[in-house]
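The values are calculated or read from the model by the stated rules, or taken from the named source; none is laboratory data. Everything quoted here is computed from the prediction, not taken from an experiment. Reconstructed Cβ throughout: ideal geometry from the backbone, glycine too, with neighbour counts over all protein chains shown. Ligands, DNA and RNA are excluded from the accessible area calculation, which covers all protein heavy atoms including side chains. Shrake-Rupley method; radii C 1.70, N 1.55, O 1.52, S 1.80 Å.
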Amino acid sequence: MSRPSSALTALLLAWGLAAAAAPPPPAAPAPAAPPQNTAPIPTPPAVDARAYILVDHFSGRILAQEHADERAEPASLTKLMSAYVIFKALQEGRLKLTDMVTISEHAWRAEGSRTFVQVGTQIPVDILIKGMIVQSGNDATIALAERVGGTESAFAQMMNEYARRLGMKSSHFENSDGLPAPNHYTSARDVATLANALIREFPQYYPLFSLREFMWNNIRQENRNGLLSKDPSVDGLKTGHTDSAGFCLATSANRNGMRLVSVVMGAPSIRAREDASAALLSYGYTFFETLRIKSANEVVLKPRVYKSASEFAAVVVPFDVYATVARGQAGALHSSARLANEPLIAPLPAGRAIGELTLTDASGAVIARAPLVPLTAVAQGGLWTRASDSIALWFH
């Protein structure tokens, strides 16, 4: 999949919608009369954790949350932010999987979970990334941070800047590995935002989060995310634990094209964090469904454009548009398209918003919006066309 242009990226950020890397859900059926006997949706399950959130990856709809914006210690969920910075470096060519990294004494002396790298040795980036993600090795993480940022403190500054760009409003990082620090925190919502960004922006690297184990230096290192073996639909993301943070787990699952992300923070045990995540995922998949309403570049309108070389223009949504609704209520969805200013007059640049697609549910509540843009630039017509259309506009 080609990378989006800067203009399209700006639209995605401005409108709060994004295309996703995973296989899309099926297209929505044609609107029908609202169902009369849909099943009631119970409240989310009670889970044993200080904070949690459940969000649909495609539509962004929050399905369950509790204390989702409260600051919390992330423990090794921090490594999701480290992975984002490292994947960016790989994507931009500033780092290669085959690059050799010399292990510093600072990395070698890292406390907590370890990948068992030795000071002074050179290890490929590929192995260190697996050590960071699968084994949650603090030593491997610090080594990568020093390679990308020069120092771990400089790398932390990069983490904070990328977090700001992603809209993580309740996060600040002081280190790359997640060991407790006075000004090191995040929130369940921010972790979900980060998880969705990792899935969306790095489809080539996301499968690393589903690795069950890997071998290094004759040591078998297993993934600490127990849901990978308990639920075949779970394919990431990361565990975390310190005495002060409790047990944390960011999880993503994909069932029949519907991807959910759950984040559990401050659970009292490994089993509690896995049970909480499993319960949240079950709740989401049982009572909700996600549908693709419009595909990227799908023509929504073909309005008249005055003074143009071509009389009509194809107006599209620039990215896939999704909606998450209660199961059985897809037929009650209604979409409407509106141009911001009429009549349209050439020239019109491609990609500039000239209207809006709005999606409402059975109650009439707006559940999704997307900009409408010309599929291609609409050029001005010749002198005769401009003159005749000027007269026609007098009577418009």
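Worth a mention:
- The Cα-based radius of gyration and maximum Cα-Cα distance (Dmax) for region 283-331 are 16.6, 54 Å.
- The chain - percent of accessible surface contributed by carbon and sulfur, probe 1.4 Å: 52 percent
- Relative contact order of region 265-371, defined on C-alpha pairs under 8 angstrom at six or more residues apart (%): 23 percent
- Dipole magnitude (debye, nearest 20) for the chain, charges at Cβ of Lys, Arg, Asp, Glu: 820 debye
- Per the Debye formula on identical point scatterers at the alpha carbon atoms of region 325-377, with no solvent, log10 I(q)/I(0) at q = 0.16 Å⁻¹ is -0.56.
- Distance from the Cα centroid of region 312-360 to that of region 247-267 is 30 Å (rounded to whole angstrom).
- For the pair Arg212 and Asp99, label points projected 7 Å from Cα toward Cβ lie 3.3 nm apart.
- The sum of -39500 (n - 2.57) across all DSSP H runs of n ≥ 4, divided by the residue count of the chain, sets its helix-only mean residue ellipticity at 222 nm to -8500 deg cm²/dmol.
- Spin-label pair Ala337/Ser295, simplified geometry with 7 Å Cα→Cβ offset, distance in nm: 1.5 nm
- Structure-derived Kirkwood radius over Cα pairs in Å - corresponding label in (1) 20.7; (2) 21.7; (3) 22.9: (3)
- Accessible area per residue in Å² at 1.4 Å probe, computed on the chain: 45 Å²
- Mean separation of Cα contacts under 8 Å, 6 or more apart, over the residue count of the chain: relative contact order %: 19 percent
- Ordering of 271-278, 338-345 by burial proxy (mean other Cβ atoms within 10 Å per residue, highest first): 271-278, 338-345
- Estimated translational diffusion coefficient (Stokes-Einstein, Kirkwood radius over Cα pairs, 37 °C, 0.692 mPa s) of region 266-356: 196 µm² per second.
- Here the relative contact order of region 144-268, from alpha carbon pairs under 8 Å that lie six or more residues apart, stands at 16 percent.
- Stokes-Einstein D for region 234-297, Kirkwood Rh over Cα pairs, 37 °C, 0.692 mPa s (µm²/s): 255 µm²/s
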